[in-house]
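K.L.:
The structure follows.
Readers should treat all values here as calculations from the given coordinates under stated rules, not as data from a laboratory. What you are looking at is a predicted structure, and each value in this text was computed from that prediction instead of being measured. Don't worry about glycine lacking a Cβ; one is built from the backbone with ideal geometry, like all the others, and counts go over all protein chains shown.
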Amino acid sequence: MTVNRYLRMIAGFFVMLSVALAHFHNPNWLWFTAFVGLNLFQSAFTDWCPMITFLRKLGIRES
């Protein structure tokens, strides 16, 4: 798998996890969902995402 596929998988997992935690535990977990969305939004403009940097350091291939 590539960096971009891992990024989409991790972002989707974090969103689903935080929605489940908000539903079953505490609605304040939706702030984490907002953080993930904001991070994806800013990466569209800056072309930089902290998770991609982390995945590259783990040796995940680019394409």
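K.L.:
Assuming a viscosity of 1.002 mPa s and a temperature of 20 °C, what translational diffusion coefficient in µm² per second does Stokes-Einstein assign to the chain, Rh being the Kirkwood radius over Cα pairs? Write out the running numbers ahead of the final one.
P.N.:
Working: Rh = 12.5 Å.
Answer from the Stokes-Einstein relation: 172 µm²/s.
K.L.:
At most 13 other Cβ atoms within 10 Å and a DSSP loop assignment: could you name the chymotrypsin sites (Phe, Trp or Tyr not before Pro) in the chain that fit?
P.N.:
Answer by residue number: W48.
K.L.:
Hey, another quick one. Please give, to one decimal in nm, the separation of the simple spin-label points placed at W29 and T2, each 7 Å out from Cα toward the Cβ.
P.N.:
Taking the simple label geometry, W29 and T2 are separated by 3.2 nm.
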